[in-house]
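A short worksheet on the structure shown next.
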Amino acid sequence: MSAADTADSPVATPEQLAVHADDPRYGFGIDVGGSGVKGGIVDLTTGTLVGDRFKIKTPKPASPDAVAATVAQIVAHFHWTGRVGVTLPAVVVDGVVRTAANIDKAWIGTDPYALLGTYFTASGLTVLNDADAAGLAEAKYGGNADDVDGVVIMLTLGTGIGSAILFSGGLLPNAELGHVQVGKSIAEAQASARAKEDNDWSYEQWARHLSRVLQEYEKLFSPKLFILGGGISRKAHKWIPLLTNSTPTVATSESACCAVARKISTNGSARPSLRPDSTLSSRRSRSGMSLRPTSAEANTASSWLPERNAAKASSPTVSRTST
Ligand code: BGC
């Protein structure tokens with residue numbers, strides 16, 4: 001398969017790992033991104049990937065059916081039949097996709113549960129915004145927000161800017177801070193990793209734009225901490241020290257694989273660890289997949305948050321404190 005690749009050194013074959021599908025300690029998660037759709041098995045007790053992740057290029061156009069078929073291909077690669085979590089770069093409210101900033105506009109108004117249920121079988125399914133998943137995973141496994149008495153804002157800096165607002169162990173879902181107007185354009189147009197790449201900016205140039213965006217968020221939310229993730233956070237030592245906003249700002253130490261693991265782990269563990277899939281919905285799709293929970297369950301993020309796990313999947317790579 002030319003468009004697909006695996007990352008990391010093999011630990012076990014997907015077939016061998018499939019035995020985990022019946023074990024509640026494991027989940028399977030898929031992150032639909034602007035350039036790639038990535039999936040893997042996650043140990044929900046640690047938030048880490050088990051074995052390799054598998055990545056397929058995002059189809060173009062990234063229409064609902066094309067993406068769903070790609071997701072199904074990744075699930076099939078692992079012979080996975082257990083619970084699946086899918087993260088989308090979109091607002092998902094009451095089980096309906098409401099926005100599509102970096103995926104095909106045809107997603108707007110779709111029911112991702114019904115759609116995915118026609119492409120593969122799983123014992124449970126959770127679909128949520130990618131940054132919300134990252135924020136929830138950060139809260140559970142990251143350790144950065146521990147003991148912060150106030151608002152913590154996690155941002156994912158990639159094709160767009162994803163955002164998760166955390167407070168008292170809960171999440172304000174679907175906060176689209178990347179679309180906040182900052183000066184003449186929206187935040188993600190000037191401070192995403194893609195903006196840096198598209199404009200061929202140095203870290204210094206990009207950090208000026210990012211600082212301005214963070215300062216705007218400071219005005220709006222008075223956060224106590226920013227946690228910045230996305231692939232570019234691997235080079236955090238090059239740009240965190242250049243930021244001029246006043247709130248303490250740390251980068252996640254996530255690698256691409258850990259980013260997937262974090263998202264996956266939250267998808268797979270948060271609600272099911274609190275309630276068995278069977279209690280989430282009485283409806284089942286034709287494929288046997290249990291369908292979405294009620295809107296209250298899906299959008300009251302505090303009810304998703306699992307108990308804090310002592311295991312830490314990551315720690316900040318660099319931190320900067322205000323003067
Ligand atoms: C979307 C968000 C998403 C973020 C990161 C933004 O353009 O509007 O929903 O979380 O990109 O993928």
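The values are calculated or read from the model by the stated rules, or taken from the named source; none is laboratory data. Model, not experiment: these values are computed from the prediction. Using ideal geometry, Cβ is built from the backbone for each residue, glycine included, and neighbour counts are taken over all protein chains shown. The protein model used for the area step is the full one, side chains on, heavy atoms only, and it has no ligands, DNA or RNA in it. Shrake-Rupley method; radii C 1.70, N 1.55, O 1.52, S 1.80 Å.
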When a/c is below 1.5 the answer is rounded, else prolate if a/b is larger than b/c, else oblate, so apply that to region 88-183 with a ≥ b ≥ c taken from the square roots of the Cα gyration tensor eigenvalues.
-> oblate
Rounded if a/c under 1.5, otherwise prolate or oblate - region 97-151, Cα gyration tensor axes | oblate
Accessible area per residue of region 3-117 at 1.4 Å probe, in Å²?
-> 37
Straight-line reach from Lys219: which lysines have a Cα under 19 Å away, not including same-chain ones fewer than 8 places off?
-> Lys184
Accessible carbon and sulfur surface of region 171-224 relative to its total accessible area, %, 1.4 Å = 46
Shape of region 24-106, Cα gyration tensor, a/c cut at 1.5 | prolate
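Quick one: accessible area per residue over region 167-247, 1.4 Å probe, rounded to a whole number of Å²?
49
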About its Cα centre, what dipole magnitude does region 76-215 give when the only charges are +1 on Lys and Arg Cβ and -1 on Asp and Glu Cβ, stated in debye to the nearest 20?
-> 220
